[in-house]
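For reference, the structure is listed below as structure tokens.
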Amino acid sequence: MPLCAAIPVCYICLMIAHRFSAVIVISGRGSNMKRLIETQDGYCVSGVASNRSAAPGLAIAQGHDIPIFSAAQKPELWDWIASKAPDLVLLAGYMQIVAPETIAKFPRKIINIHPALLPALPGLDTHGRALREGHKRHGVTVHIVDCGVDTGEIIAQAGLDIETNETEESLAARVLALEHQLYPWVVSNIAKGEISLSPTVTFSAAARNDATQRGFLLP
Ligand code: GRF
């Protein structure tokens, strides 16, 4: 009997139809998570995890029939994420440092969105600091997570000019709108093979053209 005849049809389908999957990790409201779930272009969201059981984003994910999990303890949280065998882990407002041993378990597969134009303004309070320090440009960065705080390799950025009468609230709202465009774009392009993360971050010509048209900045 030929080998293929011995393999059940449904198993063949599963092997052929590998769906690129992502688990999203949040700590709070989950607006980036929501946008990633609504997009699911080329990828599927196979779970949402949070270190806070009260994170409002969890209920939103549940409303989309996405499996959710919360645990204050990091080993439990990351064991659940690993159980989903995701192609990518998407940090979206996850307010904890990822341990080096966890990063080693998901090499170049954990990415984060940070509300500033890295390497400027790593850490917290990016909008307030941008205003107080008199920055002229501000924006958002999607990057690979490494062992530092917001130091990982940059995948893509979107920027804006800070206006004269800008307040922290107006700036936060304008940056968030950019975040909601940039993060799903990056994930879709990784899922479709237009952006590679390993061994280095590289882009297809199509991804570069599309980024230029959308005003996104690539390294
Ligand atoms: C976003 O500004 C993101 O860049 C930062 O945390 C915030 C999360 O917002 N890492 P939300 O929970 O996605 O609405």
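The values are calculated or read from the model by the stated rules, or taken from the named source; none is laboratory data. Note that the coordinates shown come from a computational prediction; the quantities given were computed from them, not determined experimentally. Cβ sites come from the backbone with ideal geometry, for glycine too, and all protein chains shown count toward neighbours. Heavy atoms of the whole protein, side chains included, go into the accessibility calculation; ligands, DNA and RNA do not. Shrake-Rupley method; radii C 1.70, N 1.55, O 1.52, S 1.80 Å.
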Taking only protein heavy atoms and a 1.4 Å probe, what accessible area per residue, in Å², does the range 64-168 have with all protein chains in place?
49 Å²
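Can you work out the FRET efficiency for the pair ASP146 and SER21, with r the C-beta to C-beta distance and R0 = 22 Å, to the nearest 0.05?
Working: r = 22 Å, r/R0 = 1.02.
Plugging the Cβ-Cβ distance into 1/(1 + (r/R0)^6) gives 0.45.
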Evaluate the relative contact order of the range 18-61 (contact order divided by residue number), counting alpha-carbon pairs under 8 angstrom at least 6 apart; express in whole percent.
52 percent
So, with +1 on the Cβ of K and R and -1 on the Cβ of D and E, and no other charges, what is the size of the charge dipole of the chain about its Cα centre, to the nearest 20 debye?
260 debye
Which order do the peptides 32-43, 155-166 take when ranked by the mean count of other beta-carbon atoms within 10 Å per residue, highest first?
32-43, 155-166
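If the chain between CYS44 and ALA85 were fully stretched, how many nm would it gain, using 0.36 nm times the residue separation less the Cα-Cα distance? Provide the component values of the computation, followed by the final result.
Numbers: separation 41, 0.36 × 41 = 14.76 nm, distance 1.24 nm.
Value of the extension gain: 13.5 nm.
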State the extension gain, in nm to one decimal, for the chain segment bounded by MET95 and GLN181, taking 0.36 nm per residue of separation less the distance between their alpha-carbons.
28.8 nm
By how many nm would the segment from HIS64 to ARG132 lengthen if fully extended, with 0.36 nm per residue of separation less the alpha-carbon distance?
20.5 nm
Rounded to 0.05, the calculated FRET efficiency for the beta carbons of SER196 and GLU168 at R₀ = 30 Å is 0.25
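With +1 on each Lys and Arg Cβ and -1 on each Asp and Glu Cβ, how big is the dipole of the range 124-206 about its Cα centre, in debye rounded to the nearest 20? If you can, show how the numbers build up before the last one.
On the way: 6 positive and 12 negative charges, 40 e Å.
About 200 debye.
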